[in-house]
Amino acid sequence: MKNKRALIYIAAVLGIAALMAVVVWIKQLQRTGTETQAAKTEFIMDTVVEIRASGPDAEAAVDAAFAEMSRVEKVFSRHLKDSAITRINQGSGQWVPVTDEVMALLEKALHYSELSSGAFDITVGRLIDLWGFGTDKQKIPPETELAQALATVGYRSVEIDKSAKMVRIPSGTIIDLGGIAKGYAVDQARKVLEAKGVKSGMIYAGGDITTIGAKPDGSSWRVGVQHPRESTALIGIVEMENKTIVTSGDYERYFMDNGIRYHHIIDPHTGYPARDVISVTIYGSEAADADALSTTIFVLGLERGKALIENLPGYEAVIVDQEGNVWVSSGLAGQITLL
Ligand code: AMP
Ligand code: MG
C-alpha cells in the first residue's frame, strides 16, 4: 500500500517534469524555428529610412512598416497635393474637415507650443518658404518680406473644433509639421512592427532612431549621438531598449552667407534661425514627442531648454551649445557614454 502510493507519487512528479520539458521545448522551437530577420532601406519623407526587424515574418512586417510611413507622409506633407495639411493650408480661412489622426497630431503640436510659449510653432510655413531651406532658392530674405511672413505666424490662430472635427487657420497662414511628423511616422512604423509580432527591431529615419526590445543577440541597442560639426563622428553612445532618440541640428539643412550659418530651425518670434545651440537630442519613449521636443528646445536655447526638460517626466536631453559644450540631463547621465 505504502509502496503503491510512493510509486504514484514518483509517476506524477515524472509526468509533470516531462510535461514541463515539452513546454520548454515547444517554446524554444517557437523562438528559434519561426524567427526570421529582415533589413531594408527606402527613401521616405526626404530622408533615408532603414528598418530592421526579427519576428515570425520579418520581411512582411518591415514592408508593412514602410507602407505605414508612406501613408503618414501622404497625410502630413504640405508639399503633396492631396494631403490633409495641404487641404488645411488651402482652406483660405474656412473650416476644413479632418480625421481623428490629423486632429490628434495637431493637438500634440499645439501642446508643445503652449509648453514653450510659442518656441515650437507649426504656423512657421511662410517663413520656411521665404528662407527656401532645402531648395535651390535659399537666401536671406529682405526685412519687409520677413515682416510680412512673421505676421502670419502664431499657433494661437489655429482653431480646432473637436466635436465637428474641423480645423481652421487664417488665410495667408501656412502650417508645416516638419518638426513633428517624422517622429510620428516612426511611432506608427514601430506600432506596425509590434503588431506583426516583432520583438526586436530598429527604425532609423535621418536623425530619429527608435528601438523595439533588445538586439536579436539579447544585448541593448547602442545608438550614437551625431557630432554636430564632424559628420563621421559621434559625441556619445546611448544604450537603450524600447526607446527612441531624435536629434535636431543646425547642420541638417543650412546655407552659409558671410561666414554665418543660416539653418532650418526658425525662432517664430524673430523669423531668424535660432542661434543659442547647435544640436539637441531627445531621449524618450514616443518619437513624435521627442521630435517636437528636439525642435522646441533648439529654439528655446540652453538655459530655458534645460529648465523645460528637467521638469518633464519621461524625456531626457543632450544639448550642444555654440562653443561645443555638451550638456546631459540628469536622467540620462548614467546611460550615455560621452566620447
Ligand atoms: P527638426 O529637424 O525636427 O528640428 O524640424 C525642423 C523642421 O521643422 C523644419 O524643416 C521646419 O519644417 C519645421 N520648423 C522650423 N522651425 C520650427 C519651429 N520653431 N516650430 C515648429 N516647426 C519648425
Ligand atoms: Mg523635431
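Please give every one of the lysines within straight-line cross-link reach of LYS81, meaning a C-alpha to C-alpha distance under 24 Å, and leave out same-chain neighbours fewer than 8 residues apart.
LYS108, LYS137, LYS165, LYS182
Arranged from highest to lowest average of other beta-carbon atoms within 10 Å per residue, in what order do the peptides 227-233, 75-81 appear?
Answer by packing, highest mean first, reads 75-81, 227-233.
Need the full-extension length gain, ILE237 to ASP46, defined as separation in residues times 0.36 nm minus the C-alpha distance. One decimal, nm. Walk me through the numbers before you get to the answer.
Numbers: separation 191, 0.36 × 191 = 68.76 nm, distance 2.54 nm.
Fully extending the segment from ILE237 to ASP46 adds 66.2 nm.
Explain nothing, just compute: Karplus ³J(HN,Hα) = 6.51 cos²θ - 1.76 cosθ + 1.60, θ = phi - 60°, for every residue of region 95-112 in order, whole Hz, x for Gly and Pro.
Running phi through 6.51 cos²θ - 1.76 cosθ + 1.60 with θ = phi - 60° gives 5, 10, x, 9, 7, 4, 4, 5, 4, 5, 6, 4, 5, 5, 4, 5, 4, 6 Hz.
Under the Karplus relation 6.51 cos²θ - 1.76 cosθ + 1.60, θ = phi - 60°, what is the ordered set of whole-Hz ³J(HN,Hα) values for region 143-153, x standing for Gly and Pro?
These are the phi-based 3J(HN,Hα) values: 3, 5, 5, 4, 5, 4, 5, 4, 5, 9, 9 Hz.
Full extension from ASP129 to ALA333: what is 0.36 nm times the residue separation minus their Cα-Cα distance, to one decimal in nm?
Details: separation 204, 0.36 × 204 = 73.44 nm, distance 3.82 nm.
Length gained, ASP129 through ALA333: 69.6 nm.
From the square roots a ≥ b ≥ c of the eigenvalues of the alpha-carbon gyration tensor of region 183-339, which class results: rounded (a/c under 1.5), prolate (a/b over b/c), or oblate?
Numbers: a/c = 1.79, a/b = 1.69, b/c = 1.06.
Prolate is the answer for region 183-339, as a/c is 1.5 or above and a/b outweighs b/c.
Just subtract the alpha-carbon distance of ALA147 and TYR9 from 0.36 nm times their residue separation and send over the number in nm, one decimal. Provide the component values of the computation, followed by the final result.
Numbers: separation 138, 0.36 × 138 = 49.68 nm, distance 8.85 nm.
So the chain would gain 40.8 nm between ALA147 and TYR9.
Arrange the peptides 151-159, 135-143, 299-307 so that the one whose residues have, on average, the most other Cβ atoms within 10 Å appears first.
Values: 151-159: 16.6, 135-143: 11.6, 299-307: 19.0.
Top of the packing list down: 299-307, 151-159, 135-143.
State whether the chain is rounded, prolate or oblate according to the following rule on the C-alpha gyration tensor (a ≥ b ≥ c being the square roots of its eigenvalues): a/c under 1.5 gives rounded; otherwise a/b larger than b/c gives prolate, and the remaining case gives oblate.
Values: a/c = 2.54, a/b = 1.92, b/c = 1.33.
It comes out prolate by the Cα gyration axes.
LYS162: net charge of surrounding residues, Cβ under 12 Å, Lys/Arg +1, Asp/Glu -1, itself excluded?
Details: positive: LYS165; negative: ASP100, GLU107, GLU159, ASP161.
For residues surrounding LYS162, the net value is -3.
Read-outs throughout are calculated quantities, based only on the coordinates presented, and are distinct from any laboratory measurement. Source: prediction; values computed, not measured. Using ideal geometry, Cβ is built from the backbone for each residue, glycine included, and neighbour counts are taken over all protein chains shown.
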